[in-house]
Amino acid sequence: MDYVFKILPPMLEGSIVTLQLFFLTLALALPLGIILALARMSKFKPLNVFMQFYTWVFRGTPLLLQLFFVYFGLMIVGHRVEPFTAASIAFVFNYSAYLAEVFRAGIQSIDKGQYEAADVLGLTRVQTMTKIILPQMFKRVIPPLSNEVINLIKDTALVYAIAISELLRAAKNAAVRDDTFVPFIVAACFYLIMTAVIQLFFKWLENKYDYYR
Amino acid sequence: MYMLQATDIYKNFGLLQVLKGVSLQVNKGEVIAIIGPSGSGKSTFLRCLNRLESVNQGKIEIEGEIMVENGENCKAVYNNEKVIAEMRRKMGMVFQNFNLFPHKSVLENIMMAPVLVQKSEEEQSEKTALALLEKVGLSDKANNYPFELSGGQQQRVAIARALAMNPEIMCFDEPTSALDPELTGEVLQVMKDLAMEHMTMIVVTHEIGFAREVANRVIFMDDGLIVEQGAAQEVLLSPRHERTKAFLSKVLMAR
């Protein structure tokens with residue numbers, strides 16, 4: 001038990017990096033995902049095709065590979081970026097591609113009668129989206145969204161590969177140094193606590209939106 | 001001047017011709033019932049009148065202003081968006097499936113367009129909304145959500161929502177077709193009240209009884225054309241056309 005307390009500080013530090021990446025990715029990828037979803041549904045053909053390509057590339061290759069592409073790729077062309085910056089870029093691109101598909105499914109599940117009702121009442125397209133469609137979309141995508149968010153917290157472990165001192169790396173360092181398995185168990189507990197919090201949050205969100213059907 | 005005038009409207013969905021030259025003039029205060037078998041084009045025609053569908057050919061005028069007319073090579077050309085938006089503001093629309101906004105309360109549903117589109121003061125819109133709710137007999141439901149209401153109540157809210165924009169013409173697209181039979185009465189009653197107040201109404205309906213009682217004019221459509229039209233009594237009680245007779249005997253038999 002004493003040992004656990006001893007490795008706790010570096011692991012907490014690692015979790016902070018993990019959480020920073022997590023929140024930064026969410027803060028950028030959520031709005032970007034909505035914009036990309038709208039772009040994907042655009043009647044403007046080139047935009048639509050570009051978005052299909054974007055989704056194909058970012059869903060079709062491993063996130064780890066994308067991470068290497070951004071980090072080492074930028075380095076090769078002469079831009080040395082901080083590993084954390086590279087990780088953020090790769091994560092935002094990757095997750096916005098997934099989230100865009102979640103949002104698109106949500107938007108397309110809204111009955112076309114809602115658009116027609118807004119239309120005959122004279123609402124503009126922007127008002128229709130922001131007041132009628134997106135609020136209803138949001139309720140519907142809560143379950144798939146919670147999936148993506150839980151995936152994200154676990155995927156942050158991938159940045160281990162470009163030498164960022166996040167939670168998993170902190171555990172690995174301690175495990176190698178002290179020749180023990182305990183840090184991995186502690187790391188597992190950390191991830192489980194974080195996913196539990198996320199789950200609780202989404203449960204709360206679902207309840208909050210339960211006021212209508 | 002006619003309140004609304006549609007001339008020679010053609011509409012097709014791909015290869016399917018839905019409207020094959022439909023013309024209609026509507027006077028102020030007139031209540032018009034459009035009846036006909038499903039697939040006859042009556043709903044499509046109504047939807048063309050308020051620009052939910054685009055016509056391929058023909059002319060639509062509202063209070064003398066042109067919404068759409070034939071340009072060169074007889075293709076329909078629409079007026080600019082602003083003018084059309086202004087025209088559509090004169091038309092209220094009630095749908096078969098109500099299309100209330102499920103995430104908004106009854107009151108918010110009714111207030112939304114006045115506040116967002118007409119930029120009315122919130123307080124004033126709320127007063128108007130409550131008055132309209134009283135009119136449709138749902139004062140006690142202001143703070144409920146649509147899913148908590150019966151179909152008939154939802155449709156009455158939808159009517160109140162359309163009325164909140166102060167339309168000059170009310171269009172109804174089979175307003176009672178999605179309702180349980182015992183709930184149609186309350187909706188038809190609200191529509192009757194509107195007719196009594198001389199609201200101009202165009203009603204696509206299967207309710208022959210309502211058409212007979214309330215409509216000034218009944219229009220029978222079949223296969224994308226107006227087959228017969230005239231005073232309600234005339235068309236419904238002594239139809240001239242074989243197809244009208246056949247249709248009426250079928251729907252009246254079903255009762």
For B:Val117, work out the one condition from (1) at the interface with another protein chain (Cβ under 9 Å from one of its Cβ atoms); (2) at pLDDT 95 or above; (3) open to solvent by less than 30 Å² (accessible area, probe 1.4 Å) it doesn't fulfil. (2)
Name the single residue that is modelled with the lowest pLDDT among those in region A:161-194 being of a type in the set (S, T, N, Q) and crowded, with 16+ Cβ neighbours inside 10 Å. A:Ser165
Which numbered condition B:Gly137 misses (of (1) surrounded by fewer than 20 Cβ atoms within 10 Å (Cβ to Cβ); (2) more than 14 Å from every other protein chain (Cβ to nearest Cβ); (3) assigned to a helix (DSSP H, G or I)): (3)
Identify, please: which residue in region B:199-240 is outside any helix (DSSP H, G or I) and either farther than 21 Å from B:Ala6 by Cβ or of a type in the set (Asp, Glu) (or both) and is, among those, most open to solvent (accessible area, probe 1.4 Å)? B:Arg240
Cβ-Cβ under 8 Å, sequence separation 6+ or interchain: first residue in region A:160-179 and closer than 17 Å to A:Lys6 by Cα, partner outside any helix (DSSP H, G or I) and of a type in the set (Phe, Trp, Tyr). Which pairs? A:Ala175/A:Phe181
What pairs can you find where one residue is in region B:66-80 and open to solvent by less than 60 Å² (accessible area, probe 1.4 Å), the other is among the hydroxyl-bearing types (Ser, Thr, Tyr) and in a strand (DSSP E or B), and their Cβ atoms are less than 7 Å apart, with a gap of 6+ or different chains? B:Met67/B:Tyr78; B:Val68/B:Tyr78
Can you give me the ranges of the helices (runs of 4 or more DSSP H) entirely in region A:97-213 with at least 3 residues that are within 30 Å of A:Val81 (Cα to Cα)? A:134-155, A:167-178, A:182-208
Could you list all residues from region A:109-132 that are surrounded by 18 or more Cβ atoms within 10 Å (Cβ to Cβ), of a type in the set (A, V, I, L, M) and more than 9 Å from chain B (Cβ to nearest Cβ)? A:Met129
Return the pair list, or none, for Cβ contacts closer than 6 Å from residues in region A:195-213 that are within 14 Å of chain B (Cβ to nearest Cβ) to residues that are aromatic (Phe, Trp, Tyr) and not in a helix (DSSP H, G or I), at least 6 apart or on different chains. A:Tyr212/B:Tyr145
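Conditions (1) farther than 17 Å from B:Gly36 by Cα; (2) in contact (Cβ under 8 Å) with a residue 60 or more places away in the chain, marked per residue:
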| position | (1), (2) |
| --- | --- |
| B:Pro175 | no, yes |
| B:Val187 | yes, no |
| B:Met191 | yes, no |
| B:His206 | no, yes |
| B:Arg212 | no, no |
| B:Val218 | no, yes |
| B:Gly224 | no, yes |
| B:Ala231 | no, no |
Qualifying residue in region B:174-185 (condition: open to solvent by 10 Å² or more (accessible area, probe 1.4 Å) and in contact with a Lys or Arg (Cβ under 8 Å, 6 or more places away or on another chain)): no
When you look at A:Phe138, is it more than 24 Å from A:Leu12 (Cβ to Cβ), surrounded by 14 or more Cβ atoms within 10 Å (Cβ to Cβ) and more than 14 Å from chain B (Cβ to nearest Cβ), yes or no? no
Let me confirm something: among B:Ala160, B:Ala142, B:Ala129, which residue is more than 15 Å from A:Ala118 (Cα to Cα), surrounded by 22 or more Cβ atoms within 10 Å (Cβ to Cβ) and more than 11 Å from chain A (Cβ to nearest Cβ)? B:Ala129
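The values are calculated or read from the model by the stated rules, or taken from the named source; none is laboratory data. Keep in mind it's a predicted model, so treat the numbers as computed, not measured. When we count neighbours, we look across all protein chains shown, and the Cβ atoms used for this are built from the backbone with ideal geometry, even at glycine. Ligands, DNA and RNA are stripped out before the accessible areas are found, and what is left, the full protein with its side chains, is counted by its heavy atoms. Shrake-Rupley method; radii C 1.70, N 1.55, O 1.52, S 1.80 Å.
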